[in-house]
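Engineer: Here you go, one structure.
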Amino acid sequence: MLFHSSIQKDLGRSFGAAIVVFATILKMILAMPKLHRTEGGS
């Protein structure tokens, strides 16, 4: 039981880290066109 809960905890931690990384990449991808637009336009 203790072993199972430790595995679950570790999975949750790595899952949270993966979500943070994914969100950061997604933000960068979404911000890219805006950055290019401000550089090229106006």
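Engineer: Specify the angular offset, from 0 to 90 degrees and rounded to the nearest 10, of the alpha carbon long axis of helix 2-40 from the longest principal axis of the alpha carbons in the chain.
Structural biologist: So the helix axis and the longest Cα principal axis differ by about 0 degrees.
Engineer: Can you give the calculated 222 nm mean residue ellipticity of the chain, where each DSSP H run of n ≥ 4 adds -39,500 (n - 2.57) and the sum is split over every residue, rounded to the nearest 500 deg cm²/dmol?
Structural biologist: Working: 1 runs with 39 residues, N = 42.
After summing the helix terms and dividing by the residues of the chain, the value is -34500 deg cm²/dmol.
Engineer: If you project the alpha carbons of the chain onto the principal axes, what extent comes out on each, in Å, largest first?
Structural biologist: 62, 7, 6
Bear in mind these aren't lab numbers, they're just calculated from the coordinates by the rules spelled out. Only a predicted model underlies this, so the values are computations on that prediction, with no experimental measurement involved.
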